[in-house]
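Participant: Input: one structure, supplied below.
The values are calculated or read from the model by the stated rules, or taken from the named source; none is laboratory data. What you see is a predicted model, and the numbers here were worked out from it, not measured in a lab. Quick reminder, even Gly has a Cβ in these numbers, built from the backbone with ideal geometry, and neighbours come from all protein chains shown.
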């Protein structure tokens with residue numbers, strides 16, 4: 001339910017699927033299902049029925065698929081809820097299904113081939129699907145979008161969880177491939193995988209740029225002296241103080257308060273955030289109900305960020321302030337800082353690296 | 001409470017009536033029935049679920065009435081279920097409300113054979129008498145209601161009469177204008193699948209509903225009643241993936257709260273904009289007292305609001321149980337405002353209190369969730385809490401929404417009277433804006449709360465304590481738990497514990513303590529020590545600085561005078577999970593009804 005362009009990613013996935021002709025949806029939901037259910041309800045707002053299937057334990061993609069067996073009938077699209085997908089790709093997957101009546105998957109040429117399961121194809125047919133990355137050109141990887149029918153349930157049966165992070169999906173796909181019943185659609189467009197925070201920022205900026213809403217924006221709650229760029233999204237109940245400036249690529253969630261003279265550029269501010277007077281936030285993600293005191297500075301720009309022991313160099317990330325964290329006045333975030341949930345950083349502290357959830361940061 | 005549905009049109013009536021009754025199930029009921037007419041009359045009724053009604057699929061009648069009954073006069077039995085018929089089996093009647101002079105009327109009907117213990121059956125027999133005089137069913141109903149004292153919403157059909165006659169006094173009734181037929185119903189929920197266009201009947205109205213249309217009569221003359229269009233969608237009242245409406249509604253609180261403050265609080269300007277309030281500034285500035293009248297959960301919301309009003313607006317505020325309300329002496333009607341609070345706007349006790357106030361010239365304000373409800377129409381002014389439909393019998397989201405709308409009302413009254421402490425007002429507004437996020441933070445801990453609820457579910461009794469604003473929240477926490485789990489639960493102002501209830505505290509009685517801003521937590525901590533000394537496990541819902549030394553602790557973020565309201569969300573989820581672990585009928589607890597339309 002992370003928002004990009006002020007819409008949960010899942011909602012963008014759903015609307016794209018509806019545009020591609022989907023007429024009903026089943027969501028496989030896990031432990032945080034309440035947020036999803038409260039947002040989507042029965043699907044009235046999107047004019048399609050939405051059903052929920054609960055996956056009690058996170059046993060992976062193949063297991064998730066096997067959960068929907070009783071809820072679907074005939075061919076169905078399978079998509080990831082946290083991965084944006086292009087309409088063009090869905091159209092091609094559906095087109096291929098119509099031609100062959102066999103399961104279809106997306107194979108994507110990746111710029112980060114070392115992070116995704118490799119796919120080997122022969123013409124249109126899939127030869128092998130590996131749970132591990134590829135090092136060989138043409139760097140085709142599993143694009144995480146499929147059209148299946150009931151045959152996939154047979155293939156997904158008794159797949160046990162694998163330790164490779166692919167959660168058994170590759171095994172199920174390989175079983176289909178072994179029966180010559182799986183083809184691939186090659187896709188070269190921008191592939192928006194949102195694994196990392198900086199992916200969110202750049203995708204957010206792209207989406208906002210494509211759907212500028214500067215013209216019809218209501219200025220209710222926005223002070224007349226505030227300056228707001230066209231490619232900025234403001235949700236309901238946002239208030240923006242005098243002389244505040246919201247620059248390109250910024251989306252602001254519900255009930256967010258932005259103080260006087262604050263400046264935000266390329267930021268995602270989630271519901272209930274509070275930004276103090278004079279704060280300067282660049283390339284920054286602020287979680288739900290996080291608060292940032294007066295004159296907090298997130299200078300932004302390029303950084304070196306360590307995520308799960310892997311070093312990512314030259315990524316654009318000013319900082320992440322997770323849900324419920326509170327930064328006092330004049331706190332400074334060194335580029336690439338990740339502040340955990342409910343962290344409390346006292347006034348004037350300078351933060352860098354990763355701050356674990358729940359910690360309190362005091363001045364020495 | 002009892003529900004009524006009626007249909008006449010081009011389609012078979014049976015499926016529409018059954019579907020309508022199923023839509024009314026949320027109100028709570030113990031028996032159900034349907035009457036279908038053409039040249040004859042067939043009645044199907046019994047104790048139990050609507051789905052258990054044994055009606056042949058082959059029935060093709062296109063006119064009929066249906067009813068879900070929640071017992072008041074007489075036990076839940078097949079005979080007592082509605083519709084009720086006369087001796088000849090020609091007339092069928094469904095009725096909500098209570099006929100006060102039922103005993104008297106029954107003695108005048110000594111030659112009639114009564115088959116039930118209900119007050120409603122006299123209506124059927126009285127109609128039988130009238131129909132010997134006239135063939136016009138409307139005239140007969142009109143003559144009968146003239147003899148009845150008490151409250152009623154009536155639906156009547158008769159063999160050989162092509163139409164439904166409906167009548168209302170002090171019990172809600174709407175007519176629906178559909179494309180392939182017309183409807184009557186006790187509320188709009190069962191109509192939404194067929195039409196959005198409805199008219200609300202007023203007291204004394206008699207409606208003649210036919211295939212072609214609806215004519216409404218008042219005092220023997222036709223009268224126009226405005227047609228309203230219902231905005232919310234039928235599916236807004238479906239469960240959307242949740243096991244229970246109650247859980248869905250608990251999780252809807254952030255959205256409901258945002259809707260309640262949308263457009264009413266502007267972050268930059270000082271002040272609250274309750275522009276839907278039409279009471280004049282002069283009047284608000286002149287009053288000596290605000291009297292709240294309400295029942296159940298709404299009553300607890302009023303207890304909370306009373307303290308905010310007195311603190312911010314410096315005007316005396318009192319809270320009365322609506323069923324106990326009397327004007328009391330020493331009050332100037334011109335300088336008193338009575339505020340009725342009811343989710344449905346149809347609560348009979350609250351309406352009665354408001355009417356009593358109105359009769360002596362007191363101005364009334366209704367605070368409700370239901371646009372077009374009796375309360376909204378009868379009061380001098382209405383404020384809407386905009387929480388969206390609430391189906392679970394146990395009120396959850398509407399409690400929070402009532403309080404924040406009343407908090408905004410407190411700020412408005414304070415401003416009007418020139419009493420507003422600007423700094424305190426600013427802080428309350430900020431906290432109102434921060435509330436949806438803080439509530440979401442609690443909802444995110446659902447799994448933790450569930451684990452705690454299951455661990456303590458077998459307690460012999462549960463006690464909820466808190467002071468000041470924590471008092472109403474303690475009462476509400478106990479009410480939620482008892483109404484859905486059937487466990488013994490009580491809420492007390494913490495200081496009262498040692499004056500009696502402490503005798504009940506043992507190692508087997510968990511105590512839930514509210515230790516936040518606005519609840520004088522330092523003092524409550526002493527009471528927590530008292531119960532700990534008796535070995536009771538303590539679950540603390542506590543702000544920073546008041547945690548440590550409890551069996552279980554839940555955190556409340558910094559939110560000033562709204563912290564107790566955040567604490568309440570923990571209590572809601574606690575009650576839900578205790579009840580769910582015991583397999584209770586959470587959305588329809590035994591003996592209870594959603595909107596209590598009898599006094």
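Participant: Mind telling me which of the residues B:128, B:132, B:139 ends up being without any contact (Cβ under 8 Å) to a residue 12 or more places away in the chain and farther than 15 Å from residue B:205 by Cα? Spell out the reasoning first.
Facilitator: Details: B:128 fails: without any contact (Cβ under 8 Å) to a residue 12 or more places away in the chain; B:139 fails: farther than 15 Å from residue B:205 by Cα.
Step by step, each of B:128, B:132, B:139 is checked, and only B:132 is without any contact (Cβ under 8 Å) to a residue 12 or more places away in the chain and farther than 15 Å from residue B:205 by Cα.
Participant: Looking for whichever is buried (at least 20 other Cβ atoms within 10 Å of the Cβ), in a helix (DSSP H, G or I) and at pLDDT below 95 here; the options are B:502, B:479, B:497. Which one fits?
Facilitator: Result of the check over B:502, B:479, B:497: B:497.
Participant: Please verify whether region B:209-219 includes one or more residues that are modelled with pLDDT under 95, over 28 Å from residue B:180 (Cα atoms) and more than 10 Å from every other protein chain (Cβ to nearest Cβ).
Facilitator: Yes, some residue in region B:209-219 is modelled with pLDDT under 95, over 28 Å from residue B:180 (Cα atoms) and more than 10 Å from every other protein chain (Cβ to nearest Cβ).
Participant: Is it the case, given these coordinates, that residue B:260 is more than 14 Å from chain A (Cβ to nearest Cβ) and crowded, with 24+ Cβ neighbours inside 10 Å?
Facilitator: It is false that residue B:260 is more than 14 Å from chain A (Cβ to nearest Cβ) and crowded, with 24+ Cβ neighbours inside 10 Å.
Participant: Output the number of the condition that residue B:176 fails; it satisfies all remaining conditions of (1) surrounded by 24 or more Cβ atoms within 10 Å (Cβ to Cβ); (2) free of Cβ contacts under 8 Å to residues at least 60 places away in the same chain; (3) out of contact with any helix residue (DSSP H, G or I) (no Cβ under 7 Å at 6 or more places or on another chain).
Facilitator: Here residue B:176 clears every test but (3).
Participant: Only residues that are touching a strand residue (DSSP E or B) at 6+ places or on another chain (Cβ under 8 Å), more than 17 Å from residue A:73 (Cβ to Cβ) and within 9 Å of chain B (Cβ to nearest Cβ): list them for region A:18-51, please.
Facilitator: Within region A:18-51, A:29, A:33, A:36, A:37, A:39, A:40, A:41, A:42, A:43 meet the criteria.
Participant: Now for a separate question. Residue by residue through region A:2-22, note down the ones that are in a helix (DSSP H, G or I), surrounded by 18 or more Cβ atoms within 10 Å (Cβ to Cβ) and touching a residue at least 60 places away in the same chain (Cβ under 8 Å).
Facilitator: A:9, A:10, A:12, A:13, A:16, A:17
Participant: Just wondering, is there one or more residues in region B:248-257 that are under 21 Å from residue B:428 (Cβ atoms), more than 10 Å from every other protein chain (Cβ to nearest Cβ) and at pLDDT 90 or above?
Facilitator: Scanning region B:248-257 turns up at least one residue that is under 21 Å from residue B:428 (Cβ atoms), more than 10 Å from every other protein chain (Cβ to nearest Cβ) and at pLDDT 90 or above.
Participant: Could you please let me know if residue B:445 is at pLDDT below 95, within 14 Å of chain A (Cβ to nearest Cβ), buried (at least 22 other Cβ atoms within 10 Å of the Cβ) and closer than 19 Å to residue B:557 by Cα?
Facilitator: In short, no.
Participant: Failed condition for residue B:438, given (1) buried (at least 21 other Cβ atoms within 10 Å of the Cβ); (2) in contact (Cβ under 8 Å) with a residue 60 or more places away in the chain; (3) closer than 23 Å to residue B:576 by Cα; (4) away from every other protein chain (no Cβ under 14 Å), with all others met?
Facilitator: Every condition holds for residue B:438 apart from (4).
Participant: I need the full set of residues from region B:52-74 which are in contact with a strand residue (DSSP E or B) (Cβ under 9 Å, 6 or more places away or on another chain) and closer than 26 Å to residue B:591 by Cα, in order please.
Facilitator: B:52, B:53, B:54, B:65, B:66, B:67, B:68, B:69, B:70, B:71, B:73
Participant: Let me ask something else about it. Being within 13 Å of another protein chain (Cβ to nearest Cβ) and buried (at least 24 other Cβ atoms within 10 Å of the Cβ) is the filter; apply it to region B:397-432 and report the residue that is nearest to residue B:558 (Cα to Cα).
Facilitator: Going through the qualifying residues, I end up with B:432.
Participant: Which one of A:340, A:328, A:324, A:293 is within 21 Å of residue A:358 (Cβ to Cβ), crowded, with 24+ Cβ neighbours inside 10 Å, in contact with a strand residue (DSSP E or B) (Cβ under 9 Å, 6 or more places away or on another chain) and assigned by TED's automatic domain parsing to the domain that holds residue A:204?
Facilitator: A:324
Participant: So which residues in region B:534-579 are within 13 Å of chain A (Cβ to nearest Cβ), crowded, with 22+ Cβ neighbours inside 10 Å, in contact with a strand residue (DSSP E or B) (Cβ under 9 Å, 6 or more places away or on another chain) and not in a loop (DSSP other than H, G, I, E, B)?
Facilitator: B:556, B:566
Participant: Please work out which residue is surrounded by the most Cβ atoms within 10 Å (Cβ to Cβ), limiting yourself to region A:23-40 and to residues that are without any contact (Cβ under 8 Å) to a residue 24 or more places away in the chain and out of contact with any helix residue (DSSP H, G or I) (no Cβ under 7 Å at 6 or more places or on another chain).
Facilitator: Looking at residues that are without any contact (Cβ under 8 Å) to a residue 24 or more places away in the chain and out of contact with any helix residue (DSSP H, G or I) (no Cβ under 7 Å at 6 or more places or on another chain), I get A:37.
Participant: Picking from B:297, B:350, which residue would you name as being under 13 Å from the mean Cα position of the chain (by Cα) and either buried (at least 24 other Cβ atoms within 10 Å of the Cβ) or assigned by TED's automatic domain parsing to the domain that holds residue B:201 (or both)?
Facilitator: B:350
Participant: Give me the strands (runs of 3 or more DSSP E) completely within region A:205-320, filtered to those with at least 3 residues that are closer than 25 Å to residue B:442 by Cα and within 14 Å of another protein chain (Cβ to nearest Cβ), ordered by residue number.
Facilitator: none
Participant: Next question. Residue B:243 passes all but one of (1) surrounded by fewer than 20 Cβ atoms within 10 Å (Cβ to Cβ); (2) out of contact with any helix residue (DSSP H, G or I) (no Cβ under 6 Å at 6 or more places or on another chain); (3) touching a residue at least 12 places away in the same chain (Cβ under 8 Å); (4) more than 14 Å from chain A (Cβ to nearest Cβ); which number fails?
Facilitator: Of (1) surrounded by fewer than 20 Cβ atoms within 10 Å (Cβ to Cβ); (2) out of contact with any helix residue (DSSP H, G or I) (no Cβ under 6 Å at 6 or more places or on another chain); (3) touching a residue at least 12 places away in the same chain (Cβ under 8 Å); (4) more than 14 Å from chain A (Cβ to nearest Cβ), only one is false for residue B:243: (4).
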